[in-house]
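S.K.: What follows is a structure written as structure tokens; I'll ask about it next.
The values are calculated or read from the model by the stated rules, or taken from the named source; none is laboratory data. Computed from a predicted structure; not experimentally measured. Every residue, glycine as well, gets a Cβ built from its backbone with ideal geometry; the counts of neighbours run over all protein chains shown. All accessible areas refer to the heavy atoms of the entire protein, side chains included, with ligands and DNA or RNA removed. Shrake-Rupley method; radii C 1.70, N 1.55, O 1.52, S 1.80 Å.
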Amino acid sequence: MLDSKKAYNHFVLLVKERPPGDFALTLIDSLLHVLKETQETTRQGLLHEMKDNTNYLTENLINVEGLTRKSSLALHTLGRFFHHYITSKLSGLSDTSLEVIRSKLVARVEDLREFVMSSRGKVLSSALEFIKDGITIFVHGNSPLVEFLLVEAAVKHNKKFSVIVSEARPDCEGYALTKSLLAVGIAARLVVDAAVAYALEEADIVLVGAETVVETGGIINGIGTYTCALCAKMLKKPFYVVCESFKFARMYPLTQKDLPEIVKDRKTLPLFRSRETDDVTNLPVLSPLCDYTPPDLVTLLFTDMGIFTPVSYTHLRAHETGRNLVCRLLLEKKK
Amino acid sequence: INAEYMGTIKMSNLISHLEKFEVNFQNKDAPKGMHPDIICLGHKLRNNQITGTNARCFAILITLRKIIEEYRGSPETINKNISVLLDEVRAYLRTARKLGSGVESYLDNLKLSIFNSNRDIGLGLTKKLSDDIGDFIDQKIRKADDLIIKNGLELINDDDVILTFGRSYVVERLLRECKKKFHLIIVDNPPYYEGRQMALRLARQIPITYTCISGVAYFMRKVQKVFLGASSMLSNGALISRVGTAMISCIAHMYRKPVLVFCETYKFSEKTQLDSLSENELADPQALLEPGDKTTAINLRYDLTPRNYINMVITETGLIPPTSIPVMLRELTRIQGTN
């Protein structure tokens, strides 16, 4: 009896146990759990079970408590990536015993897990030399990767810099980021979204994370990123994006209207956070969750596979094997 | 020396490196023994009776295939003879009109395959070449266009306003096959007014606004997408297309409207070019003038649209950014090498 909800249930469990933010590893762990406990006796059956579980999990991510709708976009991409990864690895195994196949596959997935786990450190080493002493960094929203980067740079590498954080309404993620930066002694200041252009005058660089990097080399990230990017371009400030390579998706938006459904509209989530909330709940609103920043506004992409201009990113994607759409470089076993 | 004279000298310097348009082609004798179909083709190309990169490529290859099939020489020296025949035909057609980079690179490959063929292949060579040409037309033009249209149909939404320039075969087919409700703005350009053909063919099923380039800035605000065809696409992501395309793309970029280029992969070239004038084709300057007018006219056929004005290229292999063209070329040569 095929249980497609196994991975999903395990995922919900792990999300409760683990600290918030690191969902990529949790996703892989849930799928690994299914793989380890599979009762399937044929290759096709195994593949089918993994596919069903991955699909169910990625489609129901929005129902998971503790997971924001935005992160579900990145995880969706990771889920598809995982599926292609498994399919291609499976087709490369010529063993007849399913036990052997299963254990080899588990080993490959654990390689992937290790890769994902180490991607943070690699992004850090890419980006570190761009965080110079004495600069002012403007950050929009709260990407866990950006937080990790700034904290490590200040604490482990003794860099001295100051940060201006934008509020990032309506979720106001900026508050949490400011607090964690202050806690490690970084000079951080909070600013309202409307003051982005004003604050950028003082900033030297802009640093943001990304939910997804799309085919053009542009990014999909929390609402307000596009605004920051446009201001940065006008004011001639470099706009840097940090993101792991498993967030590269096969999407090709041309305009804001082409964003995936899941991030186009907040639907029922509360829109405004203020004392005057009661007055605004009945007004018609335009409430996107994320926006698309085109590649001509992005200066550099810092990833675990190196530093890319949004242009050369497409050369990276080109290393994809025929139909499997998974970056060949990512598939190489790490020595 | 007056200002007019200086003007003429300056203008000539701009284009003096380009091949002059030969006015007396009609009266020249074709080389002895040239197949009449080729002579006919040469004249048609010359007189703009066949226009458009796809149409010209198709016509050239179909005619070439016919004369290869009609080869009646000795089987012993067939390899050499056909090779020489190919060279003569190419040289003659080039005097009529430049062939186009896609056709040229295919014919180079064809010549290579003759060279690599078995010495004893005999009359089997004609069949081999004929099949090769047939496959190319089938895969790289017909099926490629089907796939491009399949990809392109998803890019049109109801109530869109789409702008197109001149007349591209694949864009016209795409718009004709689209069942959604949209409005089309066709932008046209003297001297050949190719957009009129497109307007005539589509007017029955699509509401059309027809204008010339001078009107584009006015309409661009209302446009959702710009659809363009290609003569070729270069390794630096630049687009070579009908003169005027660069202006349209520039205006579209200014208004932040997406520019989509529909291009088969056989049109991808390894060349790079930075501007429209270093390499171009001159057509009959008289087409721009009233009869009897003695003004110096420059009738350029193509222009170059830089990479950053193009948002997406739709090929039979999928949707790619213009920066991926050299990558695509590498992959295609690799795939071809393994076949």
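S.K.: Scan B:Ile67, B:Ile78 and give me the residue that is in contact with a His (Cβ under 7 Å, 6 or more places away or on another chain) and open to solvent by less than 50 Å² (accessible area, probe 1.4 Å).
M.R.: Testing whether each residue is in contact with a His (Cβ under 7 Å, 6 or more places away or on another chain) and open to solvent by less than 50 Å² (accessible area, probe 1.4 Å) leaves just B:Ile67.
S.K.: Taking into account only those residues within region B:324-335 that are more than 8 Å from every other protein chain (Cβ to nearest Cβ) and more than 18 Å from B:Ser101 (Cα to Cα), which is most open to solvent (accessible area, probe 1.4 Å)?
M.R.: So, considering only residues that are more than 8 Å from every other protein chain (Cβ to nearest Cβ) and more than 18 Å from B:Ser101 (Cα to Cα), the one most open to solvent (accessible area, probe 1.4 Å) is B:Arg334.
S.K.: Can we say A:Ser71 is surrounded by 18 or more Cβ atoms within 10 Å (Cβ to Cβ) and either under 30 Å from A:Asp204 (Cα atoms) or touching an Asp or Glu at 6+ places or on another chain (Cβ under 7 Å) (or both)?
M.R.: Criteria met by A:Ser71.
S.K.: When only residues in region B:307-323 that are part of a loop (DSSP other than H, G, I, E, B) and open to solvent by 50 Å² or more (accessible area, probe 1.4 Å) count, which is farthest from the other protein chains (Cβ to nearest Cβ)?
M.R.: Among those that are part of a loop (DSSP other than H, G, I, E, B) and open to solvent by 50 Å² or more (accessible area, probe 1.4 Å), it is B:Thr317.
S.K.: Also, quick follow-up: Might you let me know whether region A:184-194 holds any residue that is touching a helix residue (DSSP H, G or I) at 6+ places or on another chain (Cβ under 9 Å), open to solvent by 70 Å² or more (accessible area, probe 1.4 Å) and in contact (Cβ under 8 Å) with a residue 60 or more places away in the chain?
M.R.: Scanning region A:184-194, I find no residue that is touching a helix residue (DSSP H, G or I) at 6+ places or on another chain (Cβ under 9 Å), open to solvent by 70 Å² or more (accessible area, probe 1.4 Å) and in contact (Cβ under 8 Å) with a residue 60 or more places away in the chain, so the answer is no.
S.K.: Within region B:198-210, how many residues are open to solvent by less than 70 Å² (accessible area, probe 1.4 Å) and under 23 Å from the mean Cα position of the chain (by Cα)?
M.R.: The total comes to 3.
S.K.: B:Asp138 fails exactly one of the following numbered conditions: (1) without any contact (Cβ under 8 Å) to a residue 60 or more places away in the chain; (2) in a strand (DSSP E or B); (3) not aliphatic (A, V, I, L, M). What is the number of that condition?
M.R.: The number of the failed condition is (2).
S.K.: Looking at (1) surrounded by 19 or more Cβ atoms within 10 Å (Cβ to Cβ); (2) farther than 30 Å from B:Ser168 by Cβ, can you tell me which one B:Leu110 breaks?
M.R.: (2)
S.K.: Now for a different question. In the set B:Thr265, B:Thr272, which member is at negative phi and either crowded, with 16+ Cβ neighbours inside 10 Å or within 14 Å of chain A (Cβ to nearest Cβ) (or both)?
M.R.: Answer to the check: B:Thr265.
S.K.: Would you pick out the residues in region A:32-50 that are assigned to a helix (DSSP H, G or I), open to solvent by 60 Å² or more (accessible area, probe 1.4 Å), farther than 17 Å from A:Asp111 by Cα and among the charged types (D, E, K, R)?
M.R.: Within region A:32-50, A:Arg43 is the sole residue that qualifies.
S.K.: Go through region A:223-266 residue by residue and tally those that are open to solvent by less than 20 Å² (accessible area, probe 1.4 Å), within 13 Å of chain B (Cβ to nearest Cβ) and among the charged types (D, E, K, R).
M.R.: 0
S.K.: May I pose another question? Within region B:156-189, which residues are open to solvent by 50 Å² or more (accessible area, probe 1.4 Å) and either among the β-branched types (Val, Ile, Thr) or farther than 15 Å from B:Arg242 by Cα (or both)?
M.R.: B:Asn157, B:Asp158, B:Asp159, B:Arg176, B:Glu177, B:Lys179, B:Lys180, B:Lys181, B:His183, listed by residue number.
S.K.: May I pose another question? What's the total number of residues in region A:284-313 that are at pLDDT below 85, surrounded by fewer than 22 Cβ atoms within 10 Å (Cβ to Cβ) and within 14 Å of another protein chain (Cβ to nearest Cβ)?
M.R.: 2
S.K.: Inside region A:195-218, can you point out the residues that are open to solvent by 10 Å² or more (accessible area, probe 1.4 Å) and part of a strand (DSSP E or B)?
M.R.: A:Ile205
S.K.: Checking B:Ile251 against (1) open to solvent by 10 Å² or more (accessible area, probe 1.4 Å); (2) more than 12 Å from chain A (Cβ to nearest Cβ); (3) under 20 Å from B:Glu281 (Cβ atoms), which single condition isn't satisfied?
M.R.: (3)
S.K.: Let me ask something else about it. Among the numbered conditions (1) surrounded by fewer than 20 Cβ atoms within 10 Å (Cβ to Cβ); (2) under 21 Å from A:His84 (Cα atoms); (3) touching a residue at least 24 places away in the same chain (Cβ under 8 Å), tell me where A:Leu105 comes up short.
M.R.: Exception for A:Leu105: condition (1).
S.K.: How many residues are over 19 Å from B:Glu69 (Cα atoms) and among the aliphatic types (A, V, I, L, M) when one looks only at region B:28-42?
M.R.: Number satisfying all stated conditions: 1.
S.K.: Residues of region B:215-260 being farther than 24 Å from B:Arg176 by Cα, in contact (Cβ under 8 Å) with a residue 40 or more places away in the chain, part of a helix (DSSP H, G or I) and not aliphatic (A, V, I, L, M), which ones?
M.R.: Result: B:Cys250, B:His253.
S.K.: Do you know which residues across region B:19-49 are outside any helix (DSSP H, G or I), closer than 21 Å to B:Ile82 by Cβ and open to solvent by less than 50 Å² (accessible area, probe 1.4 Å)?
M.R.: Hits for region B:19-49 are B:Ala30, B:Met34, B:His35.
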